[in-house]
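One structure is given below, encoded as structure tokens.
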Amino acid sequence: MIGLQHYLIVSAALFSLGMLGILTRRNAVNVLMGVELVLNSANLNLVAFSRFGSGNLQGQLFAVFVIVIAAAEVAVALAIVLTLYRLRRTSNLDEADILRG
Amino acid sequence: MGSVPDVLTSMKRFEPALILTGAILLVVLVDATGARWRDVAGRILTVGGLLLALVRSVELRGVSAEIFGGMAIVDPLGSFFQALLIAASLLIVLAFTFRNSRELHGLGQGEFYALLLAVTLSNVLLATANDLAMLYLALEMVSITSYVMVAYMKGDRMSNEASLKYILFGAVSTGAMLYGLSLLYGLTGTTSVPAIRNALAAGIADANPLAISTIALLVFSGFGFKTATVPFHFWCPDVYQGAPTPVTAFLSVAPKAAGFAIMTRFFYTGLAAPRTGPWDLAGTIDWVHVLMVISVLSMTVGNVAALTQTNMKRLLAYSSIAHAGYIMMGVVALSQNGARALMIYLLAYLVMNLGAFLVVTLIHLHDGTFDLRDYPGLYRRSPFLTLAMAVFLLSLMGIPPLVGFMGKLYVFAAIVERGRSYFWYAAVGAVNAAIAAYYYARVLKTMIIDNPAAEKPPFRLALADATWVWILLLGNVLPLLWWARIDGWARSSLSLYAGPPS
């Protein structure tokens, strides 16, 4: 029987993988994939807690909003990455290094 | 909850946000007409909308209630922060124009006003959020709209890089915060902040104290990002340097104030036990000491890193990290006086920091430089601008009789009155204020004493620019004449609506 714990383990794994991706990837698009994993791990938590825990729908409602926010955030981020590519012909984050000090 | 009369009453109390929403739509429509007058009309609509929202939010300060079935709150604290946040946007639109900013010159204006109004709207929502979903939505809306504002100079590599760094740091810290919020929902079974407090106070049978501590730390990463406190400050100098200066000035004040507003609200409402005192519900972690360390680190890192900066925007960025550390002292004090100190400090920070950024913008307009090494000789070229800068920097230093001094006075008083064990903390703050005095004074010395390498033509200041420098200048001095009223306003705004009694 699949229970709350299984969902929590999967979501914790997703969160860790997402953070790992963000911290280790060089390509901006890969980093954004990591961000998606982090946000969706929280979604999984919210829906699982709503289903198995409290029994109210607040968590599922929250998750719907998070999906919208995730889409908006990635849309803006991809637009910025696209501008980066136009200006420097690369989407490698290590080459965005004018600002320092 | 959710009945028609409830929605109608809520709408009335939600008016500042509704006015701002209307203004955003109108500005976008006007910009889409493509007419020649669209820039002027957009500016007038923005100023009008902000003024109207400001008036409405001040009028609402006597109300204390939940609106929209507990999603948001109207209370004196919220009204204070709404007024502060809307006033910040108003000052930005009026004092920083597309004419006096060399970076924004020639770019489309409509989008800028729409984005500014959108950040203001989300700031206002963030300061009054009462539900985890609302809190997260407002926080993300502030972030996403400010990413776009930072990247406003589309063809500029610095602006683009700044925005990219901002997005990546923002996505990580708000992602971690969201994970914390989801766990908090799982633990308490509700997303309403007062209900979370009640659930935690009632005690959860198998709750591990470590779990609550982890949650609180994860949630704090979002607040830390918004207020730019160490260790969530890495984006701050790069973003401040790369963004167009009006945007930098705005980001240094408004989202920081909104971040402190929601931090106060979340910790005082959500994690404060009704009887035993604040923060007892935040697990085994000694929150006072965690925040104290964060505050001390912010001050020290900000001030020490600012010592060697030669780019004025970067210098002010590190100084803003240090100021976040001072403001945090008000949160650490955990008292009514602490919250009042936080509000007074943010008010003072608004006028002194915007003033400093305005002078930096005007110098950039004439000389095209943000580099401190190009500043010598400014005193002879424009005594007025140099003296204005002196007032703003002395205010940031905390020298009496300027408002910055009052901010520091309230913050340090709130800490010292907490007792002997807090003295070392106040002492660290004082040492930091001394370090800060050094680099602010260095800027003044460069402007007044140092000899320029080459003679440059004298300054010609537009009348509008001179007027706004004067207004901000007086804003640093005159409030002391009516200090009792300002103090009274902050004092009467201390009441926090903490949900229906359980």
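The values are calculated or read from the model by the stated rules, or taken from the named source; none is laboratory data. Source: prediction; values computed, not measured. Ideal geometry is used to build each Cβ from the backbone, glycine not excepted, and the neighbour counts take in all protein chains shown.
Looking at B:A464, B:A414, B:A430, can you tell me which residue is within 18 Å of B:L291 (Cα to Cα) and in contact (Cβ under 8 Å) with a residue 40 or more places away in the chain? Talk me through it step by step, then tell me what you get.
On the way: B:A464 fails: within 18 Å of B:L291 (Cα to Cα); B:A430 fails: in contact (Cβ under 8 Å) with a residue 40 or more places away in the chain.
Exactly one residue qualifies, and that residue is B:A414.
Report, by residue number, each residue of segment B:1-20 that is surrounded by fewer than 16 Cβ atoms within 10 Å (Cβ to Cβ) and within 26 Å of the chain's Cα centre (by Cα).
Residue satisfying the conditions is B:L18 alone.
Can you confirm whether segment B:135-148 contains a residue that is within 27 Å of A:S11 (Cα to Cα) and of a type in the set (G, A, S)? Walk me through it before giving the result.
Start the filter on segment B:135-148 by keeping residues that are within 27 Å of A:S11 (Cα to Cα), which leaves B:135-144.
Cutting the leftovers down to of a type in the set (G, A, S) gives us B:138, B:143.
Yes: segment B:135-148 contains one or more residues that are within 27 Å of A:S11 (Cα to Cα) and of a type in the set (G, A, S).
Exactly one condition in (1) surrounded by fewer than 20 Cβ atoms within 10 Å (Cβ to Cβ); (2) more than 7 Å from every other protein chain (Cβ to nearest Cβ) is false for B:S146; which is it?
(1)
Residue by residue through segment B:11-68, note down the ones that are β-branched (V, I, T), under 21 Å from B:A87 (Cα atoms) and in a helix (DSSP H, G or I).
Applying the first criterion (β-branched (V, I, T)) to segment B:11-68 yields B:19, B:21, B:24, B:27-28, B:30, B:33, B:40, B:44, B:46-47, B:55, B:58, B:63, B:67.
Of the ones still in play, those that are also under 21 Å from B:A87 (Cα atoms) are B:19, B:21, B:24, B:27, B:40, B:44, B:46-47, B:55, B:58, B:63.
Matches in segment B:11-68: B:I19, B:T21, B:I24, B:V27, B:V40, B:I44, B:T46, B:V47, B:V55, B:V58.
Read through the list (1) under 27 Å from B:M149 (Cβ atoms); (2) under 13 Å from the mean Cα position of the chain (by Cα); (3) surrounded by fewer than 19 Cβ atoms within 10 Å (Cβ to Cβ), then give the number of the only condition that A:A77 fails.
That leaves (3) as the condition not met.
B:M397 fails exactly one of the following numbered conditions: (1) surrounded by fewer than 24 Cβ atoms within 10 Å (Cβ to Cβ); (2) out of contact with any Leu (no Cβ under 9 Å at 6 or more places or on another chain); (3) more than 25 Å from B:A258 (Cα to Cα). What is the number of that condition?
Unmet for B:M397, out of (1) surrounded by fewer than 24 Cβ atoms within 10 Å (Cβ to Cβ); (2) out of contact with any Leu (no Cβ under 9 Å at 6 or more places or on another chain); (3) more than 25 Å from B:A258 (Cα to Cα): (3).
Please go through (1) more than 22 Å from B:Y147 (Cβ to Cβ); (2) of a type in the set (F, W, Y); (3) surrounded by fewer than 22 Cβ atoms within 10 Å (Cβ to Cβ) for B:F169 and return the number of the only condition it doesn't satisfy.
(1)
For segment B:463-473, which positions are over 21 Å from the mean Cα position of the chain (by Cα) and over 12 Å from B:L385 (Cα atoms)?
Residues of segment B:463-473 that are over 21 Å from the mean Cα position of the chain (by Cα), as a first pass: B:463-467, B:470.
Residues satisfying the conditions are B:L463, B:A464.
Could you give me the residue pairs with C-beta distances under 6 Å whose first residue belongs to segment B:102-114 and is on the phi > 0 side of the Ramachandran plot, whose second residue is of a type in the set (A, V, I, L, M, F, W, C) wherever it lies, and which are 6+ apart or on separate chains?
From segment B:102-114, no pairs qualify.
With the requirement that a residue be surrounded by 24 or more Cβ atoms within 10 Å (Cβ to Cβ) and either touching a Cys at 6+ places or on another chain (Cβ under 7 Å) or within 7 Å of another protein chain (Cβ to nearest Cβ) (or both), what does segment B:115-135 give you?
The one that is surrounded by 24 or more Cβ atoms within 10 Å (Cβ to Cβ) and either touching a Cys at 6+ places or on another chain (Cβ under 7 Å) or within 7 Å of another protein chain (Cβ to nearest Cβ) (or both): B:L132.
For segment B:332-350, does any single residue satisfy the condition of being in contact with a Leu (Cβ under 8 Å, 6 or more places away or on another chain) and of a type in the set (F, W, Y)?
Scanning segment B:332-350, I find no residue that is in contact with a Leu (Cβ under 8 Å, 6 or more places away or on another chain) and of a type in the set (F, W, Y), so the answer is no.
Looking at B:V253, is it under 30 Å from B:N311 (Cα atoms) and more than 10 Å from every other protein chain (Cβ to nearest Cβ)? Spell out the reasoning first.
Numbers: under 30 Å from B:N311 (Cα atoms): yes; more than 10 Å from every other protein chain (Cβ to nearest Cβ): yes.
When the stated conditions are applied, B:V253 passes them.
Please find, among B:T33, B:T21, the residue that is under 27 Å from B:T191 (Cβ atoms), at pLDDT 90 or above and not aliphatic (A, V, I, L, M).
Values: B:T33 fails: under 27 Å from B:T191 (Cβ atoms).
Sole residue among the options that is under 27 Å from B:T191 (Cβ atoms), at pLDDT 90 or above and not aliphatic (A, V, I, L, M): B:T21.
Can you name the residue in segment B:1-46 that is without any contact (Cβ under 8 Å) to a residue 12 or more places away in the chain and β-branched (V, I, T) and, of all such residues, is farthest from B:S79 (Cα to Cα)?
Selected residue: B:T33.
If a residue must be among the hydrophobic types (A, V, I, L, M, F, W, C), closer than 21 Å to A:L99 by Cα and at the interface with another protein chain (Cβ under 7 Å from one of its Cβ atoms), how many such residues does segment B:158-195 contain? Working first, answer last.
In the first step, residues of segment B:158-195 are kept if they are among the hydrophobic types (A, V, I, L, M, F, W, C); the result is B:158, B:162, B:164, B:167-169, B:171-172, B:176-178, B:181, B:183-184, B:187, B:193, B:195.
Add one more test, that the residue is closer than 21 Å to A:L99 by Cα, and what stays is B:158, B:162, B:164, B:167-169, B:171-172.
If we keep only those that are at the interface with another protein chain (Cβ under 7 Å from one of its Cβ atoms) as well, we get B:158, B:162, B:164, B:167-168, B:171-172.
So the count comes out to 7.
Restricting attention to helices (runs of 4 or more DSSP H) lying wholly within segment B:182-246, give those where 3 or more residues are surrounded by fewer than 23 Cβ atoms within 10 Å (Cβ to Cβ) and free of Cβ contacts under 8 Å to residues at least 60 places away in the same chain.
Values: elements: B:193-202, B:209-227, B:235-242.
So the answer is B:209-227.
Hey, does segment B:66-87 have a residue that's touching a Gly at 6+ places or on another chain (Cβ under 9 Å), acidic (D, E) and either surrounded by fewer than 17 Cβ atoms within 10 Å (Cβ to Cβ) or under 19 Å from B:T264 (Cα atoms) (or both)?
Going through segment B:66-87, the residues touching a Gly at 6+ places or on another chain (Cβ under 9 Å) turn out to be B:66, B:68-70, B:72-73, B:76, B:79.
From the residues that got through so far, the ones that are acidic (D, E) too are B:66.
Applying the additional criterion that residues be either surrounded by fewer than 17 Cβ atoms within 10 Å (Cβ to Cβ) or under 19 Å from B:T264 (Cα atoms) (or both) yields B:66.
Yes, some residue in segment B:66-87 is touching a Gly at 6+ places or on another chain (Cβ under 9 Å), acidic (D, E) and either surrounded by fewer than 17 Cβ atoms within 10 Å (Cβ to Cβ) or under 19 Å from B:T264 (Cα atoms) (or both).
Residues checked against (1) more than 27 Å from B:H323 (Cα to Cα); (2) among the acidic types (D, E); (3) crowded, with 16+ Cβ neighbours inside 10 Å:
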{"position": "B:A434", "(1), (2), (3)": "no, no, no"}
{"position": "B:Y439", "(1), (2), (3)": "no, no, yes"}
{"position": "B:P457", "(1), (2), (3)": "yes, no, no"}
{"position": "B:A462", "(1), (2), (3)": "yes, no, no"}
{"position": "B:L473", "(1), (2), (3)": "no, no, yes"}
{"position": "B:L480", "(1), (2), (3)": "no, no, no"}
{"position": "B:R485", "(1), (2), (3)": "no, no, no"}
{"position": "B:S493", "(1), (2), (3)": "no, no, yes"}
{"position": "B:Y497", "(1), (2), (3)": "yes, no, yes"}
